[in-house]
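Below: the structure, in structure tokens.
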Amino acid sequence: MDNNGNNNNNNETKTDFAAITGASVKQPRAKYQDNVQVALGELKDQVQKRNTRAYGRKPDRQEGPAVRNDNPVRSDRRDQRDQRDQRDTRGPDNRGRSQGPRDQRDQRRSKVAFGRDVFVPHQIAQGSSPNASTSNWLSTRVPVLHPDKNLAYTGTLRIISIGGVGNVNKNMYIYEYGEDIVILDCGIGFADEDMPGVDFLIPDITYLQDKKHKVRGILHTHGHEDHIGALPYIWPELKCPIYASKLTCGFIKTKLVEHELPIDQIVEIDPDVALTLGSFHFQFFKLSHSIPDTIGFVIDTPVGRVIHSADFKFDWTPVIGAPTDVQRIAQFGADGVLLLLSDSLGAEKPGYTLSEQVILSQFDAVAQKTLGKMMITTTSSNISRIQMALDIAAKYGKKVAVSGRSMDQNIGVARNMGYLKFSDENFVPLEEIGRYQDNELLLIVAGSQGQYEAALSRVANDEHRHIKLRPGDSVVFSTDAIPGNENQTNRLIDHLISRGAEVYYSNIFNNIHVSGHAAQEELKLMLALVKAKYLLPIGGTERSTKKYGDLAQSMGYRKEQVLITHNGDIVEFSAQKDQIVTPRTVGKIETKDVMVDGLGIGDLSEAVMHDRQVMAEEGMLVVIVRVNHETGAAQSGVQIVSRGFVYMKESSEFINDIARLVDDILDEEKNSSQDWNVLKRKIEDRVSKYIYKEIKRNPLILPVMYEV
Ligand SMILES: [Zn+2]
């Protein structure tokens with residue numbers, strides 16, 4: 001068979017890429033499944049060939065670059081020959097043929113034709129892996145997914161985490177290829193204790209300012225706040241379609257309506273139906289997490305296949321929904337994966353995360369012990385946990401009331417969509433709980449993170465309008481503190497205990513909360529199923545990200561196959577002449593914390609925040625200077641006001657000294673014709689130094705000048 005013949009063959013049997021993967025979300029499922037069958041058949045053939053070639057040799061034989069690189073020219077020629085061979089493999093008449101000379105030659109060859117080499121398995125065998133036998137399993141290659149070779153492996157894929165790497169929340173990932181951008185997740189971050197008055201943080205989308213026209217959509221993995229919460233603030237800037245699975249769509253709709261934004265751009269994802277957005281072709285798989293309808297993404301790009309799996313665990317008996325679809329993940333993995341982005345939050349925890357089911361018996365145990373009201377607090381979007389609370393209420397014939405706006409809202413959405421099973425008549429409005437005995441009530445109360453304004457804090461402070469804490473009441477914390485938020489949660493627990501409640505929380509009561517995130521052995525399972533060439537850990541802390549990398553290396557990944565990144569890092573995969581270039585971090589974009597404070601978005605500059613921090617820690621001192629409006633000269637007799645700094649009455653002498661100092665400054669400066677701002681800075685500077693010298697404190701100094 002000559003080259004031309006092969007080419008023709010190739011054309012005849014060329015697979016329609018759009019058909020394999022389903023060209024649009026509207027494609028009928030039956031047709032899509034047919035196409036998938038065809039595609040799978042072809043891929044199976046290819047994989048078989050590949051396996052024969054990749055594994056059908058003596059294991060100790062070195063192959064790959066060591067042979068290939070000895071002579072670059074020869075190596076190039078081999079590459080060309082390999083590409084011709086690849087075309088050979090596509091013809092149906094090549095299938096099932098007996099081992100001819102060509103096959104034997106293929107087997108001798110260092111480079112396998114199929115997959116035009118995105119990666120060379122033998123490099124791994126030669127690498128720094130501690131154990132060659134553990135690295136063999138990774139000997140997979142990334143196939144050419146686009147049959148049209150003109151489209152295959154060209155251009156540059158850029159991936160940027162605007163949030164979600166190193167700081168757990170505020171998840172938002174940009175995928176950019178040519179004129180197309182897709183965004184994965186759009187979550188909020190939680191303010192630290194050193195951000196007084198800040199409600200939450202949202203990702204900084206400055207990078208997208210001049211690229212809005214490229215954005216084809218925002219896709220969501222699941223309905224947690226740190227994955228969808230920033231939409232009402234960011235969507236108005238982008239005005240692109242929003243894609244999410246059913247329940248996530250429900251939560252998103254509620255959010256947008258609340259912010260008086262249109263909802264006509266929301267598109268529901270059916271995990272069984274593919275979706276093409278520009279250069280990105282999406283398929284989906286189900287994941288278990290602590291919220292139903294969590295999905296992972298398989299993204300075929302012109303540079304290779306990427307699997308994006310945000311929060312997940314392998315829960316074989318989830319309370320609601322399906323277990324993680326390992327079969328589908330393995331199928332996607334078998335086709336060859338360039339890069340896996342994967343949730344790393346649980347990477348420090350050994351073993352497996354327990355199933356949500358274990359919590360039910362713990363809730364039951366608490367219900368049996370509780371003489372008064374039973375209160376359960378959890379994250380407001382933890383629908384599975386809420387279902388278990390409802391199950392316990394049903395078992396013991398308790399009425400259920402809900403306190404907390406977002407909790408109420410989420411439960412409403414989930415009930416309307418059929419996710420929560422509980423009879424309507426057993427829900428009672430909060431204002432009517434007084435009609436029932438305490439032991440007839442189960443209350444679902446928001447504020448598990450100790451948020452100051454939330455319902456549970458108000459209960460603890462005896463400021464809640466309807467819920468009064470009494471001896472015999474129990475409070476179940478079915479949640480863990482968000483990293484960095486532990487103090488706040490602990491204070492709330494202490495407070496509730498001091499008020500006589502029986503409090504059940506993770507440290508003292510096993511399995512009252514299980515993580516929604518995969519632990520070490522599950523992360524290894526994901527790596528083994530996907531077999532990606534590169535791993536990019538996301539959704540964790542600096543520590544967990546690093547640990548995930550260590551786990552991967554223990555399984556045979558080399559250091560350079562684990563991409564440890566930080567928010568703002570621009571990671572690029574480039575393809576030229578069918579060769580994937582090693583990913584590189586080509587730069588970093590600035591990603592500020594955009595703070596949302598009341599109705600203001602991003603109007604809190606660092607200066608404002610600095611002032612708030614200083615005021616919170618050291619108090620403030622206002623120096624009021626009157627200026628004669630005719631002469632422009634400052635008048636003597638300045639006024640000093642202080643807040644949170646010193647008690648004025650007891651420090652009157654010290655305050656007088658400061659006033660005299662300011663008078664002296666004004667006197668010294670009276671002949672210099674400088675503007676007020678300069679004078680203010682001088683006052684600020686010298687007063688600040690004086691106070692520090694006298695009492696070693698650094699309050700915020702605020703000079704105010706006004707004309708009289
Ligand atoms: Zn989550």
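Sorted ascending by nearby beta carbons within 10 Å, beginning with the fewest, Cys240, Cys186 become Cys240, Cys186. Taking amide H atoms as placed 1.01 Å from N in the peptide plane, the amide H of Leu536 lies under 5 Å from those of Leu340, Leu341, Ser342, Leu563, each 5 or more residues away in sequence or on another chain.
Based on C-alpha pairs under 8 angstrom that are at least 6 apart in sequence, segment 358-504 has a relative contact order of 31 percent. With Cα atoms as the point set, the radius of gyration and Dmax of segment 358-504 evaluate to 13.9, 40 Å. Applying both filters, DSSP loop and at most 11 other Cβ atoms within 10 Å, to the GluC sites (Glu not before Pro) of segment 643-708 gives Glu650. Sparsely packed loop sites in segment 237-328 (the GluC sites (Glu not before Pro) outside DSSP H, G, I, E and B with at most 12 other Cβ atoms within 10 Å) comprise Glu260. Legend: distances between Cα atoms for Lys212/Lys533; Lys559/Lys592; Lys253/Lys399; Lys349/Lys421; Lys349/Lys531; pairs beyond 24 Å are Lys212/Lys533; Lys559/Lys592; Lys253/Lys399; Lys349/Lys421. Loop-located chymotrypsin sites (Phe, Trp or Tyr not before Pro) across segment 504-559 with a Cβ neighbour count of 16 or fewer within 10 Å are Phe509, with loop assigned by DSSP. The 3J(HN,Hα) values that the Karplus relation (6.51, -1.76, 1.60; θ = phi - 60°) gives for segment 274-288 are, in residue order, 7, 8, 10, 10, x, 7, 9, 10, 9, 10, 10, 9, 7, 10, 8 Hz. Gly and Pro appear as x. Cα centroid distance between segment 646-668 and segment 490-542, in Å? Here the two parts' Cα centres lie 54 Å apart. Under 5 Å from the amide H of Ile589 lie the amide H atoms of Asp569, Ile570, each residue being 5 or more positions distant or on a separate chain, with H modelled from the backbone and absent for Pro and chain starts.
Averaging the Cα positions of each part gives two centres, and for segment 298-338 and segment 152-182 these lie 18 Å apart.
Every read-out reported here was derived from the displayed coordinates using simple, explicitly stated rules and does not represent laboratory data. Every value quoted in this text rests on a predicted model; they were computed, and no experiment measured them. Cβ sites come from the backbone with ideal geometry, for glycine too, and all protein chains shown count toward neighbours.
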